[in-house]
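Since the structure comes first, as structure tokens, the remarks are kept for the end.
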Amino acid sequence: MRLILLGPPGAGKGTQAVRLVAAHGIVQLSTGDMLRAAVASETEVGLRVKDVLAHGELVSDELICSIISDRIDQADCAKGFILDGFPRTIAQADALGELLEKKGQRLDAVVQLKVDEGILLERIETRARESAEIRSDDNAESLNKRLAVYNEQTAPLIKYYSERNILMSVDGMKSVDEVASKIDTILSTV
Ligand code: AMP
């Protein structure tokens with residue numbers, strides 16, 4: 001199974017992805033996690049993207065698409081994957097479509113987590129407080145930037161995938177378990 005989890009920062013994509021990994025034996029491909037790992041280990045890519053991440057902006061489509069293309073080729077992705085945080089622009093969605101076609105693969109579903117933006121800041125602040133991981137972008141200024149970037153560059157993907165009849169929406173304001181069960185119901189139909 002190959003799916004995309006779509007939603008603004010703090011919508012619960014990462015939480016749901018972890019549950020889906022356990023339930024379906026597929027891997028989670030979180031571009032945010034990959035980039036943070038690169039920053040932490042100070043690789044060439046990490047040094048290039050460090051400031052971009054800290055400011056809540058997007059790294060280039062070219063860079064992220066090449067990272068994803070290489071990652072999908074790895075053996076653990078053979079059974080399927082959950083894209084968490086990718087694609088984030090129309091250009092990335094086009095590139096994903098092309099690269100999957102070249103690899104003879106196709107997407108099964110795009111699951112949109114619909115959330116009330118008003119409470120996102122609260123969720124992110126809680127995550128920052130409770131997480132052992134320090135994220136350079138979990139602060140009010142970066143979050144506002146990330147939400148603005150989401151609305152401007154990523155939200156158009158809702159229409160993009162809806163027009164391709166592959167989008168399914170879930171109320172992301174419900175409890176983690178309720179959202180998970182709704183996603184499972186959706187996935188049982190694809
Ligand atoms: P996330 O953990 O998904 O919120 O991503 C954290 C940060 O990584 C984002 O604010 C961006 O700076 C960068 N990032 C993650 N995924 C992408 C992507 N698909 N395209 C561009 N930048 C990304």
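The values are calculated or read from the model by the stated rules, or taken from the named source; none is laboratory data. Every value quoted in this text rests on a predicted model; they were computed, and no experiment measured them. With ideal geometry, Cβ positions are generated from the backbone for all residues, glycine too; neighbour counts draw on all protein chains shown. When the accessible area is computed, the model is the full protein with side chains, heavy atoms only, and any ligands, DNA or RNA have been set aside. Shrake-Rupley method; radii C 1.70, N 1.55, O 1.52, S 1.80 Å.
For segment 1-64, the average shadow cast by the Cα convex hull is 5.1 nm², which is a quarter of the hull's surface. Only the Cβ atoms of Lys and Arg (+1) and of Asp and Glu (-1) were treated as charged; on that basis the dipole of the chain about its Cα centre amounts to roughly 400 debye. For the chain, the Kirkwood estimate of the hydrodynamic radius, built from every pair of different alpha carbons, is 17.0 Å. Expressed as a whole percent, the accessible surface of segment 76-186 that belongs to carbon and sulfur atoms is 48, based on a 1.4 Å probe. Taking the Cβ of Tyr160 as the centre, find all other residues whose Cβ is under 15 Å away and add up their charges (Lys, Arg: +1; Asp, Glu: -1). Net charge in that neighbourhood comes out at -2. Over all pairs of different C-alpha atoms in segment 111-160, the reciprocal of the mean inverse distance, the Kirkwood hydrodynamic radius, equals 12.0 Å.
As a length-normalised measure over Cα pairs under 8 Å and 6 or more apart, the relative contact order of the chain settles at 33 percent. Just for the chain, what percent of DSSP beta bridges are antiparallel, to the closest 5? Antiparallel bridges make up about 0 percent of those DSSP assigns within the chain.
Here is how the number arises for the chain: DSSP H runs of 4 or more residues each give -39500 (n - 2.57), the sum is divided by the residue count, and the result at 222 nm is -16000 deg cm²/dmol. In percent, rounded to a whole number, the relative contact order of segment 54-164 is 45, using alpha-carbon pairs under 8 Å and six or more apart. Our note on the geometry: Cα centres of segment 44-74 and segment 85-130, 15 Å apart. Cross-link partners for Lys103 among the lysines, with Cα-Cα distance under 29 Å and sequence neighbours closer than 8 places in the same chain left out: Lys13, Lys79, Lys159.
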